[in-house]
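What follows is a single structure, and I will ask about it in a moment.
Laboratory data are not the source of any read-out in this text; all were calculated from the coordinates shown. All of these numbers come straight from a predicted model, not from anything done at the bench. Please note: Cβ atoms are built from the backbone with ideal geometry, for glycine as well, and neighbour counts cover all protein chains shown.
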């Protein structure tokens, strides 16, 4: 299936940055849940990212889970 998301822990900020491809998010209809875009995330593809607080179960976490679940279903 391949990699469709990456996680980076930003320890000083106490958050995780979860990135995925913009085109997959658009195709899955979950682009609007992201916190922003990251140009040329991998080769020539634009990415999007989600910020999730450590130990969060709130909206930031739910948005990331919803988006990644939807993207995984289209693959």
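Of everything in segment 9-30 that's in a helix (DSSP H, G or I) and touching a residue at least 24 places away in the same chain (Cβ under 8 Å), which residue is farthest from residue 73 (Cα to Cα)? Quick ask: steps written out before the conclusion?
Kept after step one, since they are in a helix (DSSP H, G or I), are these residues of segment 9-30: 22-28.
Then drop every residue that is not touching a residue at least 24 places away in the same chain (Cβ under 8 Å), which leaves 22, 24-25, 27-28.
Working: 22: 15, 24: 10, 25: 11, 27: 11, 28: 8 Å.
Going through the qualifying residues, I end up with 22.
Then there's this: Please enumerate the residues belonging to segment 31-75 that are under 25 Å from residue 12 (Cα atoms), over 11 Å from the mean Cα position of the chain (by Cα) and part of a loop (DSSP other than H, G, I, E, B).
54, 55, 56, 57, 58
Find the residue count for segment 7-36, including only residues that are surrounded by 11 or more Cβ atoms within 10 Å (Cβ to Cβ) and closer than 17 Å to residue 70 by Cβ.
Residues meeting the conditions: 17.
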